[in-house]
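Novice: Following this message is one structure expressed as structure tokens.
What follows draws every value from the coordinates through simple rules; no lab data is involved. Everything numeric here is computed off the predicted structure, so don't read it as measured data. Backbone-built Cβ (ideal geometry, glycine too); neighbour counts: all protein chains shown.
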Amino acid sequence: MGAMTNGPSRRAVLGGLLAAAACRPGRAAAEGIAPAERAAMAAAATAFLDAQDLPGLSVAIAKDGRLVYREAFGFADRDTGERMTPRHRMRIASISKTLTATAVFALIEQGRLRLDERVFGSGGVLGADFSGGRDQPHLAAITIDHLLTHTVGSWANDASDPMFMDARWSHAELIAQTLALRPLERAPGSAYAYSNFGFCVLGRVIEKLTGAPYDAHVQRTLLTPCGISSLRIAGNTRSERAADEVVYGDDTRRHRSPYGMNVTRMDSHGGWMGSAEDLVRFGIRIAKLPVAGGLLRPETVTTMTTGSTVHPAYARGWRVNAAGNWWHTGSLPGTRTILVRTRSGFTWAALCNGRGGNDTASALDRLAWTMVRTVTRWPSDDLFTRG
């Protein structure tokens, strides 16, 4: 475990939490989770943080649309010893793609956009706004669906990811330079290549159609109807931290600074920040549940969560599997996240203020499943109503 310059050890913090729970059995009973089960969940979370050498973790779990668990572990700021709490906000990284995809499908439901609509060139949604790739034969064939399913066939999330080019460029400059300098490697629809840049373009499509800044449109049409006011686009530097935003741990294993990127420019593919509870509140509203009306129609949700023929494991803003579960992960220097919605009625989010290593994503997924399976009886009340 990494050294801490100040504050109590994580195991000491956990010991304090368990002792406090033992002294307040009424709280645990009121929330419907047995004290021993809550202790086991806390122990699993702390073991995960220790094994992955991460500062802190926040978890929120809903069952059938009701928030049944929220807890935080470790440190919001490892150096000062500030404890992580459920109110703390973190960069959610690529879970931002789920928000963007939902906004796109809302426009489709309104008749303002089609999945098969072309993006660039004459007749495209963005038309001649970006002329840098006008001589590329495949560019005019790109559709909205290619961007949503990562089947453009180029601009992958690898060492040459366009989104990490010159941090000084605006969205318009970045897109123009990418079209001019990074020609398509394959015909759209022929191959899967997970693309941050593709979702950056979708953000500009939303702006073109609505005449509003991307984040303002998402807030007004999706987040506000869900009762969410604290999700926002993150700043780039430590001094630009928002209220209740964590301090991100250095990505020491990859030698990347969490404060050396243009996160704000990542808006529609990886720029949002918020709490685990915020994400769960959004996740339960995408499709209709017994206690929550859906943001999208059932037939739209089916399309959104059906994998493409090119890559069946990725749908449109969600990863999917044969069990009927949907999820999205996020990873940036200083950040590791996951949002899951299961066929059995659970929705959960887990956010870390450190990235960890190559196995951290799967370890975070396993932790969440372990915590859920630990509980034999979930509460009947709803923590969303408690504030």
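Novice: Per residue of region 179-192, in order, report the coupling 6.51 cos²θ - 1.76 cosθ + 1.60 (Karplus, θ = phi - 60°) as ³J(HN,Hα) in whole Hz, putting x for Gly and Pro.
Specialist: Taking θ as phi minus 60°, the curve returns 4, 7, 9, 10, x, 4, 8, 9, 6, x, x, 9, 7, 9 Hz for region 179-192.
Novice: Only four residue types carry charge here, +1 at the Cβ of Lys and Arg and -1 at the Cβ of Asp and Glu. Report the dipole size of region 258-387 about the Cα centre in Debye, rounded to the nearest 20.
Specialist: 160 debye
Novice: Restricting the count to DSSP beta bridges whose residues both fall in the chain, what percent are antiparallel, rounded to a multiple of 5?
Specialist: Given both bridge residues lie in the chain, the antiparallel proportion sits at roughly 95 percent.
Novice: Starting from region 281-387, pick out the trypsin sites (Lys or Arg not before Pro) whose DSSP state is loop and whose Cβ has at most 12 other Cβ atoms within 10 Å.
Specialist: Counting only loop positions with at most 12 other Cβ atoms within 10 Å, the trypsin sites (Lys or Arg not before Pro) in region 281-387 are R343, R377.
Novice: Can you figure out the FRET efficiency of T85 with K208, using R₀ = 41 Å and their beta-carbon distance, to the nearest 0.05?
Specialist: 0.55
Novice: Okay, next question. Among [x] 144; [y] 128; [z] 359, find the value of volume of the Cα convex hull per residue in Å³ that was calculated from the structure presented, and write down its label.
Specialist: Recomputing volume of the Cα convex hull per residue in Å³ here gives the entry labelled [y].
Novice: Amide H to amide H under 5 Å from R89: which residues, 5+ apart in sequence or cross-chain, H placed 1.01 Å off N in plane?
Specialist: When sequence neighbours closer than 5 places are left aside, the close amide H contacts are E245, V246.
Novice: Using only the alpha carbons of region 177-325, what is the convex hull's orientation-averaged projected area in square nanometres?
Specialist: Approximately 12.0 nm², given one-decimal rounding.
Novice: Please give me, ordered by residue number, the trypsin sites (Lys or Arg not before Pro) of region 177-244 that lie in loop per DSSP and have at most 15 other Cβ atoms within 10 Å.
Specialist: Within region 177-244, the qualifying trypsin sites (Lys or Arg not before Pro) (loop, at most 15 other Cβ atoms within 10 Å) are R186.
Novice: For the chain, take the longest principal axis of its alpha carbons; what is the angle in degrees between that and the long axis of helix 276-286, to the nearest 10 within 0 to 90?
Specialist: Helix 276-286 sits roughly 50 degrees off the main axis of the chain.
Novice: For region 222-230, what does the Karplus curve 6.51 cos²θ - 1.76 cosθ + 1.60, with θ = phi - 60°, yield as ³J(HN,Hα) per residue in whole Hz, taken in order and with x for Gly and Pro?
Specialist: Karplus values, whole Hz, x for Gly and Pro: 10, 6, 4, x, 8, x, 9, 10, 9.
Novice: Another question, then. Let me have the 222 nm mean residue ellipticity of the chain computed from DSSP H runs of 4+ only, each contributing -39500 (n - 2.57), with the sum over all residues rounded to the nearest 500.
Specialist: Rounded to the nearest 500, it is -10000 deg cm²/dmol.
Novice: Oh, and also: Which of these, A34, A51, A322, has the largest mean-square fluctuation under a Gaussian network model of the chain (Cα springs below 10 Å)?
Specialist: Between A34, A51, A322, it is A322 that shows the largest mean-square fluctuation.
Novice: Same structure, new question: Between G274, G81, G56, where does the largest GNM mean-square fluctuation fall for the chain, given springs only between Cα atoms within less than 10 Å?
Specialist: Of the options given, G81 has the highest mean-square fluctuation.
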